[in-house]
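The values are calculated or read from the model by the stated rules, or taken from the named source; none is laboratory data. Predicted, not measured: the structure shown is a model, and the values here were computed from it. Ideal geometry is used to build each Cβ from the backbone, glycine not excepted, and the neighbour counts take in all protein chains shown. The protein model used for the area step is the full one, side chains on, heavy atoms only, and it has no ligands, DNA or RNA in it. Shrake-Rupley method; radii C 1.70, N 1.55, O 1.52, S 1.80 Å.
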Amino acid sequence: MRKPVIAGNWKMYKTVGDSVAAAVALKPLVANANHCEVIIAPVFTALKSVADRLEGSNIKVSAQNCATEKSEGALTGEIAAFMIHDTGCSHVIVGHSERRQYYFETDQIVSKKAQAAREAGLIAIVCVGETLDQRDAGKALDVVKEQLIGSLSGLTASDLDRIIVAYEPVWAIGTGRTATPEQAQEMHAFIRRVFAERHSPGAADALRILYGGSVKPDNIAGLMKQLDIDGALVGGASLKADSFAEIVNYNR
Ligand code: PEP
């Protein structure tokens with residue numbers, strides 16, 4: 001049985017004070033959410049303060065990115081996965097489409113970040129997803145397969161239970177346009193098949209695959225009814241504690 005995951009990606013929003021306030025506001029609203037894992041991903045500067053305030057709660061904290069290099073060194077502006085772990089985080093998002101698009105992250109880079117995360121004891125939320133042009137050209141499955149294989153290369157069988165995959169069609173992120181539950185289910189089932197072929201049916205069966213792209217309180221229940229959708233990575237609608245809590249509590 002795969003435990004669902006509802007993760008909020010706060011992107012580059014909120015000061016330290018605003019992040020702590022939002023986390024504190026969220027805490028009681030999701031305190032009874034035992035049906036799923038709840039994760040929030042604030043900006044780097046707020047990680048430690050938020051993690052400290054959430055200690056002992058059922059909300060886990062994730063970073064939004066990490067360095068490819070595993071150990072400390074002369075890499076100005078970078079933050080290593082072990083430093084993220086040191087703040088009290090348990091997860092890190094890697095390969096988000098905004099990083100692939102604006103910071104030119106390749107599958108090779110994403111794979112190095114996923115490996116660094118694993119070595120640091122973090123669970124990597126590895127994002128994949130096609131653009132609208134690629135979908136319209138009928139290439140969505142091929143693109144996602146290539147991203148998946150490339151982004152997870154270098155991980156061994158024993159690493160796989162420390163990976164979560166997020167399918168986030170680029171055309172649905174921040175656009176208000178969600179994939180239909182059927183479109184998302186088709187891709188999630190495909191990702192699981194690719195994973196089974198590459199690794200093992202058992203690992204594929206255990207893999208949690210999140211959907212991301214304009215998830216809101218009014219569309220989460222339909223998405224969660226799909227067989228291969230194991231949760232959501234939520235951007236805009238995670239910024240306010242009450243709307244994110246409504247998404248987390250989709251089963252009520
Ligand atoms: C995201 O940032 O991962 C995301 C899915 O954003 P939104 O929910 O705003 O589309």
Being more than 16 Å from the ligand (Cβ to nearest atom), more than 15 Å from Ser151 (Cα to Cα) and in contact (Cβ under 8 Å) with a residue 12 or more places away in the chain is the filter here, so list the residues in region 84-111 that pass it.
Ile84, His85, Thr87, Gly88, Cys89, Ser90
Is at least one residue of region 90-101 touching a Leu at 6+ places or on another chain (Cβ under 8 Å), over 23 Å from Leu29 (Cβ atoms) and part of a helix (DSSP H, G or I)?
no
State all residues of region 79-120 that are over 16 Å from the mean Cα position of the chain (by Cα), at positive phi and surrounded by 14 or more Cβ atoms within 10 Å (Cβ to Cβ); if no residue qualifies, say none.
Gly88
Yes/no for Thr76 being loosely packed, with under 14 Cβ neighbours inside 10 Å, touching a Lys or Arg at 6+ places or on another chain (Cβ under 9 Å), modelled with pLDDT of 95 or more and within 29 Å of Gly154 (Cα to Cα)
no
Here are some conditions: (1) touching a helix residue (DSSP H, G or I) at 6+ places or on another chain (Cβ under 8 Å); (2) closer than 17 Å to Ala237 by Cβ; (3) open to solvent by 50 Å² or more (accessible area, probe 1.4 Å). Met12 meets all but one. Which one does it not meet?
(1)
Does any residue in region 200-220 that is within 16 Å of Glu186 (Cα to Cα) come within less than 7 Å, Cβ to Cβ, of a residue that is open to solvent by 40 Å² or more (accessible area, probe 1.4 Å) and not polar (S, T, N, Q) six or more places away or on a different chain, and which pairs are these?
Arg208/Arg2
Would you check if Glu197 is without any contact (Cβ under 8 Å) to a residue 24 or more places away in the chain, within 15 Å of Leu152 (Cα to Cα) and open to solvent by 70 Å² or more (accessible area, probe 1.4 Å)?
yes
Residues that are away from the ligand (no atom under 16 Å from the Cβ) and in contact with a strand residue (DSSP E or B) (Cβ under 6 Å, 6 or more places away or on another chain), drawn from region 144-190
Leu148, Arg162, Ile163
